[in-house]
1. Please go through the range 13-34 and give me each residue that is at pLDDT below 95 and β-branched (V, I, T), ordered by number.
2. Can you tell me how many residues in the range 2-21 are touching a strand residue (DSSP E or B) at 6+ places or on another chain (Cβ under 7 Å) and surrounded by fewer than 10 Cβ atoms within 10 Å (Cβ to Cβ)?
Amino acid sequence: MPVATTVLDLQVVTSVPRDPTDQPLSVIATPTHAIRIKRPSAAPTGIDWTRLSAEDLDEMPILAELKRMTTSNATSLQPLRSCRAESGADRAF
């Protein structure tokens, strides 16, 4: 799924450090340019539950519920599934 962002022209750089949980960019829009990334990196395939503390889950109850729903087999990385919403747009959960 394409991901876009907006930045100022002076914020465009050739590379940045990348974390395995980062969503790769497909498009960068500045006030004067639209930059399409030719080969975006692969997107993460799931949620790395080991990166979330109990406090994080307390602050984000929807993630706590998702963890309860998806970790019945007790794995640390759960793949995201896609479904078609009533509007026809893809949603990940």
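The values are calculated or read from the model by the stated rules, or taken from the named source; none is laboratory data. Bear in mind that the values here come from a model prediction, so they are computed numbers and not experimental data. Here the Cβ is made from the backbone with ideal geometry for all residues, glycine too, and neighbour counts use every protein chain on show.
1. Hits for the range 13-34 are V13, T14, V16, T21.
2. Residues of the range 2-21 that are touching a strand residue (DSSP E or B) at 6+ places or on another chain (Cβ under 7 Å), as a first pass: 2, 4-7, 12, 21.
Then drop every residue that is not surrounded by fewer than 10 Cβ atoms within 10 Å (Cβ to Cβ), which leaves none.
Counting residues in the range 2-21 that are touching a strand residue (DSSP E or B) at 6+ places or on another chain (Cβ under 7 Å) and surrounded by fewer than 10 Cβ atoms within 10 Å (Cβ to Cβ) gives 0.
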